[in-house]
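Here's the structure we're looking at; comments come further down.
The values are calculated or read from the model by the stated rules, or taken from the named source; none is laboratory data. These numbers come from a predicted model, not from an experiment. Cβ sites come from the backbone with ideal geometry, for glycine too, and all protein chains shown count toward neighbours.
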Amino acid sequence: MDFSYSEKVLKLKEKLTDFMEEHVYPNEKVYKEQLNQQASRWTAIPPIMEEMKQKAKAAGLWNLFLPESEYGAGLTNQEYAPLCEIMGRSMIGPEVFNCSAPDTGNMEVLARYGSEEQKKQWLEPLLAGEIRSCFSMTEPDVASSDATNIQSSIVRDGDEYVINGRKWWSSGAGDPRCEIAIVMGKSDTTAAKHEQQSMILVPLDTPGVTIERMLPVFGYDDAPHGHAEIIYDNVRVPAENMLWGEGKGFAIAQGRLGPGRIHHCMRLIGAAEQALEDLCKRVQNRVAFGKKVAEQGVVQEWIADARIDIEQARLLTLKAAYMMDTVGNKEAKAEIAMIKVVAPNMALKVIDRAIQAHGGAGVSDDFTLANHWANARTLRLADGPDEVHRRQIAKLELRKYKKEGILK
């Protein structure tokens, strides 16, 4: 495995870093101020975001994801990793480059499984940044860590499908630009366990779609993006809105979540790097008990451990990306599961130390540490909780030592 960066990636890294320093970091506070000045945090987008997006487009820093696709920048997962990491240093960074969740995952689904008509209607405006999307999979009434538990129904009725169910944590549904949801539900409860589910495209302005409420995360509402609880009550959409085909929902979910998981890990490494940078700067200009905080032995241990943990997580993430590129997502499932456990826990540890080093300032909104921590904590649940990934890792490991057929 060769993790060295190509000339193309080195140039993009430099260009992206310069863009972040010139446009994104200085405008984080501007974005927050503009958002809070609006009559409602859910009805309009801070103008600075659109300004930055236009500049990113003009700079050629747009849609850098989507490997093996004519729609993206032609980067592999491994090539995209250091770029995604840089974006992840800022809470608003990924959106600036049209590389934020859940749109990236939804665009990958449409690119891979969508019909030509679906691509034209939904993928193209998503790629252009003209609209946004959400992904309705998780449900409040079942343990959604097991996707086969999903209870929402998608029933064929002539030339239409009728959707019924209650979803929550549909991230992005609060955004006024969000026009389309990918909804997962059961279309045939008599089919084989992993062929009962389907995914279908549901425009959010369809009659019967109701955003019940927006769900805060540790007190952060994440407006105007947000995380919605949505009711689908006898929602009718054309039959051609079905993705790939009936019974393909579970397979689509597995295809979607692999890249989605590794993107989260890449961004978390960036968040951890930013936290470590903040920590190092802070402890060198604060004095406690007669000497700089940076000279305290325990603080030096925090810094050393943070660097070790970040480097380990980055290398494992790069290995997973390399395997996804060379042998495919299915063969890389153990590595993807491992990084999905490692990266959020690593980021939480590093960010927590940075918060501690900042004292009371660390838990305030004067710094981004608290927001990054809240986001990292959700990622021990999103796209599968730690326990599910550990279970898969253990099963894959045990199979190496069990007779064929003993462990299902």
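Worth pointing out:
- Within the stretch 107-124, if we keep just the residues that are in contact with a Lys or Arg (Cβ under 8 Å, 6 or more places away or on another chain) and surrounded by 21 or more Cβ atoms within 10 Å (Cβ to Cβ), the residue that is farthest from H372 (Cα to Cα) turns out to be L110.
- Candidate set from the stretch 182-202 (those that are in a loop (DSSP other than H, G, I, E, B) and of a type outside the set (S, T, N, Q)); member that is surrounded by the fewest Cβ atoms within 10 Å (Cβ to Cβ): A192
- Within the stretch 380-398, residues that are on the phi < 0 side of the Ramachandran plot and of a type in the set (D, E) have Cβ atoms under 7 Å from residues that are part of a helix (DSSP H, G or I) and surrounded by 14 or more Cβ atoms within 10 Å (Cβ to Cβ) in these pairs: D386/V341, counting only partners at least 6 apart in sequence or on another chain.
- Residues being surrounded by fewer than 18 Cβ atoms within 10 Å (Cβ to Cβ) and either in a loop (DSSP other than H, G, I, E, B) or touching a strand residue (DSSP E or B) at 6+ places or on another chain (Cβ under 7 Å) (or both) - total across the stretch 46-75: 7
- In the set (1) surrounded by 12 or more Cβ atoms within 10 Å (Cβ to Cβ); (2) farther than 30 Å from L110 by Cα; (3) free of Cβ contacts under 8 Å to residues at least 60 places away in the same chain; (4) of a type in the set (D, E), E7 fails one condition alone, (1).
- Every pair of residues 6+ apart whose Cβ atoms lie under 6 Å, when the first sits in the stretch 76-90 and is in a loop (DSSP other than H, G, I, E, B) while the second is not aromatic (F, W, Y): T76/P67; T76/D325; G88/R267; G88/G270; G88/A271; R89/G270; R89/Q274; S90/V24
- Among (1) surrounded by 22 or more Cβ atoms within 10 Å (Cβ to Cβ); (2) under 21 Å from H389 (Cα atoms); (3) of a type outside the set (A, V, I, L, M, F, W, C); (4) out of contact with any Asp or Glu (no Cβ under 8 Å at 6 or more places or on another chain) - the single one N241 does not satisfy: (2)
- Members of the stretch 313-340 that are touching a Pro at 6+ places or on another chain (Cβ under 8 Å) and either within 18 Å of S6 (Cα to Cα) or not polar (S, T, N, Q) (or both): M324, D325
- Qualifying residue in the stretch 318-332 (condition: free of Cβ contacts under 8 Å to residues at least 40 places away in the same chain and of a type in the set (V, I, T)): yes
- Pairs linking a residue in the stretch 131-153 that is on the phi < 0 side of the Ramachandran plot and without any contact (Cβ under 8 Å) to a residue 60 or more places away in the chain to a residue that is assigned to a loop (DSSP other than H, G, I, E, B) and exposed (fewer than 14 other Cβ atoms within 10 Å of the Cβ), with Cβ atoms under 7 Å and 6 or more positions apart or on different chains, are N149/A143; Q151/D141.
- Close pairs from the stretch 27-45: first within 15 Å of G174 (Cα to Cα) and part of a loop (DSSP other than H, G, I, E, B), partner at pLDDT below 95 and of a type in the set (S, T, N, Q), Cβ under 7 Å, at least 6 apart: A44/Q38
- Filtered by the rule that a residue be more than 25 Å from N371 (Cβ to Cβ) and either acidic (D, E) or within 31 Å of the chain's Cα centre (by Cα) (or both), the stretch 265-303 gives E295, E301.
- Which listed residue is in contact (Cβ under 8 Å) with a residue 40 or more places away in the chain and either closer than 30 Å to H389 by Cα or among the β-branched types (V, I, T) (or both), from V287, V299: V299
- Any hit, the stretch 13-24, residues being within 23 Å of the chain's Cα centre (by Cα), part of a helix (DSSP H, G or I) and without any contact (Cβ under 8 Å) to a residue 24 or more places away in the chain: yes
- Selected residue [exposed (fewer than 14 other Cβ atoms within 10 Å of the Cβ) and over 18 Å from N77 (Cα atoms)] from K400, K349, K330: K400
- The criterion of at least 3 residues that are under 18 Å from A81 (Cβ atoms) is met by the following helices (runs of 4 or more DSSP H) wholly inside the stretch 296-408: 297-326, 333-358.
- In the set (1) of a type in the set (V, I, T); (2) farther than 30 Å from W244 by Cβ; (3) buried (at least 16 other Cβ atoms within 10 Å of the Cβ), T43 fails one condition alone, (3).
- K248 surrounded by fewer than 20 Cβ atoms within 10 Å (Cβ to Cβ), among the basic types (K, R) and under 23 Å from T104 (Cβ atoms): yes
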